[in-house]
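Peer 1: Quick one: structure below, then a few questions.
The values are calculated or read from the model by the stated rules, or taken from the named source; none is laboratory data. Note that the structure is a prediction, hence the values are computed from the model and not measured. Every residue, glycine among them, receives a Cβ derived from its backbone with ideal geometry; neighbour counts consider all protein chains shown.
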């Protein structure tokens, strides 16, 4: 038997490898060019997508794939956000884009060709495509590609989101919500959008809610007059959304313009800000264009909230913890040092914001305790066991405890 020269074997392996790669890559979108148009509904998004093919029919197929790829990877807030999620999808990409698989996420394909360009291989067209983003997200979660909301919230629960109109510092957002009909409509649209996604949402509408505000927040620098921040913290929301609404008159009718901002409650950190626009429409009520514009903005903001919640879940439940030192002590910093030592034994992460003779302010994360009440009781117990704290004759007193805020005072013991 004749021996086959080594160079021929290597050439055959290389040819087979290249052929396999070519076959494997045949289902993925070729164009992968698309732009966001609007959030058509709480579950669907409209995309302008380009497709490449030997003829118009094949180019339209590629445009549908490119629209889905945009929602998954290329959008401002894509479904695939972590390196692990992207890697998992990459392994199943060819199977996902096979005929009979991806089509279930295409709700609508526009009849018109928006743009057409001839290419050497055939044609490139742009089409309007509507994608069911919600179903796509759920199915990928079931396949283990995405981390499902149920998986994320199993340990720390669903985020509670508070919604209020945007006002200048010192102004009352609840009064604006009660008196401005368009602002009221904006709040209702956001509330409907969030509840459709199964988020816990609060829109404080009663003036007596302001009575729940804790005066301790006046000691947090920079937030003395930010009522939205104070309300969110006192109610115990994880995130709060502020929004503004405007109706603009055009040449043929009116259009809605809204702005949405999402903040992390404990730090007042801005998570995302978006502006939404409705098309200009003649002879329609304000409510119609406000709803269209709000749907456009809130979908993008909600993506930022989801990304934040998914990331923060790895560190545990987050709280704002404020100690007001009301007692008289020889050295107040001995008290603050004892607090820092004890918190180091109870938390996965801690960040000290303020440390003065009268106030110690923390952001903490923890996974050990199921509720703020249990966390407070353990904190009280460990401080009593701390020799510096007990040696200073200090005593912890509970003032206000909710889902996000633990407010305590440190008094002289008896």
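Peer 1: Is it fair to say residue 345 is more than 31 Å from the chain's Cα centre (by Cα), closer than 25 Å to residue 265 by Cα and loosely packed, with under 15 Cβ neighbours inside 10 Å?
Peer 2: Against the criterion (more than 31 Å from the chain's Cα centre (by Cα), closer than 25 Å to residue 265 by Cα and loosely packed, with under 15 Cβ neighbours inside 10 Å), residue 345 does not qualify.
Peer 1: Within region 354-373, can you find the residues that are in contact (Cβ under 8 Å) with a residue 40 or more places away in the chain, crowded, with 16+ Cβ neighbours inside 10 Å and in a strand (DSSP E or B)?
Peer 2: Those that are in contact (Cβ under 8 Å) with a residue 40 or more places away in the chain, crowded, with 16+ Cβ neighbours inside 10 Å and in a strand (DSSP E or B): 359, 361, 362, 363, 364, 365, 366.
Peer 1: Something else: Among the residues of region 116-135, write down those that are surrounded by fewer than 14 Cβ atoms within 10 Å (Cβ to Cβ) and assigned to a strand (DSSP E or B).
Peer 2: Within region 116-135, 116, 117, 118 qualify.
Peer 1: Please go through region 48-72 and pick out each residue that is without any contact (Cβ under 8 Å) to a residue 60 or more places away in the chain and surrounded by fewer than 17 Cβ atoms within 10 Å (Cβ to Cβ).
Peer 2: 57
Matching residues to (1) touching a residue at least 12 places away in the same chain (Cβ under 8 Å); (2) over 16 Å from residue 408 (Cα atoms); (3) not assigned by TED's automatic domain parsing to the domain that holds residue 232:
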| residue | (1), (2), (3) |
| --- | --- |
| 342 | yes, no, yes |
| 345 | yes, yes, yes |
| 348 | yes, yes, yes |
| 380 | yes, no, yes |
| 383 | yes, no, yes |
| 387 | no, yes, yes |
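Peer 1: Of all residues in region 117-141, count the ones that are more than 25 Å from the chain's Cα centre (by Cα) and touching a residue at least 60 places away in the same chain (Cβ under 8 Å).
Peer 2: The total comes to 9.
Peer 1: Read through the list (1) more than 30 Å from residue 47 (Cα to Cα); (2) touching a helix residue (DSSP H, G or I) at 6+ places or on another chain (Cβ under 6 Å); (3) outside any strand (DSSP E or B), then give the number of the only condition that residue 407 fails.
Peer 2: Looking at each condition in turn, residue 407 falls short on (3).
Peer 1: Would you say residue 336 is assigned by TED's automatic domain parsing to the domain that holds residue 235 and part of a helix (DSSP H, G or I)?
Peer 2: No, not satisfied.
Peer 1: Against the definition (within 14 Å of residue 164 (Cβ to Cβ), surrounded by 18 or more Cβ atoms within 10 Å (Cβ to Cβ), at pLDDT 90 or above and more than 18 Å from the chain's Cα centre (by Cα)), how does residue 245 come out, yes or no?
Peer 2: In short, yes.
Peer 1: In region 381-414, how many residues are more than 15 Å from residue 341 (Cβ to Cβ) and touching a strand residue (DSSP E or B) at 6+ places or on another chain (Cβ under 9 Å)?
Peer 2: 18
Peer 1: May I pose another question? How about region 248-273: which of its residues are closer than 17 Å to residue 167 by Cα and assigned to a strand (DSSP E or B)?
Peer 2: 257, 258, 259, 260, 261, 262, 263, 270, 273
Peer 1: Next question. Within region 214-226, is there a residue that is under 23 Å from the mean Cα position of the chain (by Cα), at pLDDT 80 or above and over 30 Å from residue 138 (Cβ atoms)?
Peer 2: So far as region 214-226 goes, no, none of its residues is under 23 Å from the mean Cα position of the chain (by Cα), at pLDDT 80 or above and over 30 Å from residue 138 (Cβ atoms).
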